[in-house]
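Heads up: the structure comes next, in structure tokens.
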Amino acid sequence: MLGINRQSSTNYVDWELLFSDPQIPSSPRGAHLERTQSIMEFQQLMKNDAKSALRHELDRLGKTADTENRDGVKKDFENFEKLFKRFLLKTGPSVVWSEIKSPPEGYIKSYRDISSCELSCSEKDLLSKLVVVKLNGGLGTSMGCVGPKSLISVRSGLTFLDLTVQQIESLNKRYQADVPLVLMNSFNTHDDTNMILRKYHSCQVKIHTFNQNRYPRINKETLLPIPQSCDDPLEAWYPPGHGDVYECIVKSGLLEAFVKQGKEFMFVSNIDNLGATVDLHILNMMVNPPEGQKPCDFVMEVTDKTRADVKGGTLIDYNGKLRLLEIAQVPKENVDEFKSVSKFKIFNTNNLWMHMPTVAKLVNSGEMNMEVIVNNKRLQNGTNVIQLETACGAGVKNFANAVGINVPRSRFLPVKKTSDLLLVMSNLYELQHGSMMMSKKRQFPTTPLIKLGDEHFSKIHKFMGRFQNIPDMLELDHLTVSGDVTFGNNVTLKGTVIIIANHGERIDIPSGAFLENKIVSGNLRILDH
């Protein structure tokens with residue numbers, strides 16, 4: 001075997017050799033062919049040993065599970081093993097750059113064209129076909145919060161989850177509909193989310209939950225599982241990305257139940273994207289396809305790329321199929337070209353619409369294939385680990401009649417950082433039935449570019465202490481804040497505003513201040529008398 005026993009820290013996997021391309025012509029033709037064959041054979045032996053060692057460890061780990069959970073754990077580990085085998089098959093970039101093409105005409109539809117069409121049936125009939133799925137597996141740790149990100153307060157004391165429930169309840173009441181909300185939780189968010197769901201019992205929304213898989217983190221050096229027991233701490237485990245949604249909603253039995261109720265489509269989106277609301281025009285296109293066109297079984301909402309979105313995945317034509325291209329799949333020498341706004345003009349919002357019977361067919365037949373994403377992490381004890389993940393947008397290539405729709409930027413309003421939170425808390429947006437709408441007082445539809453310094457603003461508790469109230473930003477284009485800066489009441493920011501407090505300095509923007517196209521630096525202290 002590879003010599004990857006758990007006890008010895010000196011035995012490890014040579015990643016460069018394991019995944020290197022043996023086709024390197026560094027010697028005469030005959031010798032090169034012989035060397036290539038030798039390397040390929042050795043690589044295969046290494047991979048076989050890695051698979052065998054993992055199988056042995058997973059079998060041992062599965063036996064530590066409680067008796068009542070053992071069958072479920074065994075099934076989870078079988079699925080993880082399949083993911084691991086796909087990871088081992090990787091031998092370089094997953095795309096050949098020269099074979100990438102722009103999607104053919106008609107594969108990226110204009111939202112303007114779709115929204116100009118009249119609905120072919122009543123709103124109630126359309127909504128009777130729909131299930132809303134929110135991806136709720138993430139924690140709020142990046143913004144300094146404990147627990148599920150969906151429970152962070154974002155506007156008027158309302159959380160992401162509150163706003164989502166309000167949106168769907170508003171639809172159900174307005175159109176006498178019965179659209180259910182489904183949350184895909186992870187083991188990190190399951191308990192806290194279920195506890196909070198009790199407060200929505202009187203709402204006109206049926207809420208369902210299911211869990212995504214719990215997989216063991218893998219030691220990067222040995223390619224063996226980190227946990228010694230199924231009861232090991234949470235740090236030893238991870239949820240394997242939102243590509244889990246396909247398998248896990250089928251496994252939960254929910255998808256089959258919804259189809260039996262006559263529902264056909266699910267709208268999947270991140271719970272922290274406040275722009276991802278139910279759109280009746282997109283739903284109408286799927287339920288009632290235009291005459292002469294094939295029914296769509298998958299829709300990915302894309303929007304125009306700006307310089308702030310250069311790392312976002314884009315839709316391409318690859319070997320005659322629509323495919324999501326992520327930056328992690330791009331060869332190093334082509335990364336700058338991938339980031340080009342002129343060549344790749346759109347990016348994936350992760351607002352996805354799917355035909356549920358097709359999802360069931362693909363999952364049950366084993367045809368739902370997605371690229372494996374290798375996510376490198378470091379544990380608190382310094383151990384380097386890898387997480388093998390998938391992204392739900394990558395599932396597009398498995399659907400026969402997939403299209404993209406170029407939607408307005410307003411349908412992409414994610415809150416990933418406190419700079420995003422500042423935007424949605426400001427008067428740039430108005431709250432209507434749980435949906436964030438750009439204020440009509442804003443003279444142009446683009447949102448300002450906001451950059452807040454990490455040390456004083458990146459965590460929510462620090463961020464909130466920096467503002468007596470949120471400034472008026474209706475006419476703001478660009479805001480950069482760095483250093484020890486605070487804002488008083490009723491501050492107005494217009495145009496481009498840059499505020500820099502150098503190390504050891506502090507700037508207090510006084511109440512009532514009006515800053516338009518200003519740079520503020522140095523010291524400005526306001527003290528109580």
Can you tell me how the range 435-476 classifies by the Cα gyration tensor, rounded, prolate or oblate, using a/c under 1.5 as the rounded cut? prolate
Dipole axis of the chain (+1 Lys, Arg; -1 Asp, Glu on Cβ), positive-most option in N351, G147, N319: N351
With the full set of protein chains in place, find how many percent of the accessible area of the chain is carbon and sulfur; take the probe as 1.4 Å. 49 percent
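Relative contact order, percent, of the range 139-237 when contacts are C-alpha pairs under 8 Å separated by at least 6 residues? Kindly include the intermediate steps, with their values, before the conclusion.
Details: 111 pairs, mean separation 20.3, N = 99.
After rounding, I find 20 percent.
Expressed in nm², what is the orientationally averaged projection area of the convex hull enclosing the Cα positions of the range 111-176?
It is 6.6 nm².
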Run the numbers on the chain and let me know its relative contact order in percent, using alpha-carbon pairs under 8 Å that are six or more apart. 14 percent
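Rounded to two decimals, what is Rg over Rh for the range 368-473 when you use alpha-carbon atoms and the Kirkwood radius?
On the way: Rg = 19.3 Å, Rh = 17.8 Å.
My calculation puts Rg/Rh at 1.08.
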Three-way shape call for the range 73-194 based on the alpha-carbon gyration tensor, with the a/c threshold at 1.5: oblate
Short version: what are the Cα gyration tensor semi-axes of the range 198-305, square root of 5 times each eigenvalue, largest first, in whole Å? 35, 20, 15
From the phi angles alone, apply the Karplus equation (6.51, -1.76, 1.60; θ = phi - 60°) to the range 309-325 and give each ³J(HN,Hα) in whole Hz, x where the residue is Gly or Pro. 10, 5, 8, x, x, 10, 8, 9, 9, 9, 6, x, 10, 5, 8, 8, 9
Take the Cα coordinates of the chain, assign each an equal point scatterer, and use the Debye formula without solvent to give log10 I(q)/I(0) at q = 0.06, 0.07, 0.11 Å⁻¹. -0.34, -0.47, -1.11
For the chain, calculated [θ]222 nm from helices alone, where every DSSP H run of n ≥ 4 adds -39500 (n - 2.57): -8000 deg cm²/dmol
Within the chain: Cβ-based charge dipole about Cα centre, in debye rounded to nearest 20 (Lys, Arg +1; Asp, Glu -1): 240 debye
In degrees, nearest 10, range 0 to 90: what is the angle between the Cα axis of helix 29-62 and the longest Cα principal axis of the chain? 70 degrees
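How high is the relative contact order of the range 169-296? Use alpha-carbon pairs under 8 Å, at least six apart in sequence, and give a whole percent.
Averaging sequence separation for qualifying contacts and normalising by length gives 18 percent for the range 169-296.
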Taking a crude spin-label model, label points 7 Å out from Cα along the C-beta direction, the K124 to S342 distance in nm is 5.5 nm
Give the shape of the range 438-516 as rounded, prolate or oblate, defined through the alpha-carbon gyration tensor: a ≥ b ≥ c are the square roots of its eigenvalues, a/c under 1.5 means rounded, and otherwise the shape is prolate if a/b is larger than b/c and oblate if not. prolate
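The values are calculated or read from the model by the stated rules, or taken from the named source; none is laboratory data. Note that the coordinates shown come from a computational prediction; the quantities given were computed from them, not determined experimentally. Cβ coordinates were reconstructed from backbone atoms using ideal geometry, including for glycine residues, and neighbour counts include every protein chain displayed. Calculation scope for accessible area: heavy atoms of the full protein, side chains included, ligands and nucleic acids excluded. Shrake-Rupley method; radii C 1.70, N 1.55, O 1.52, S 1.80 Å.
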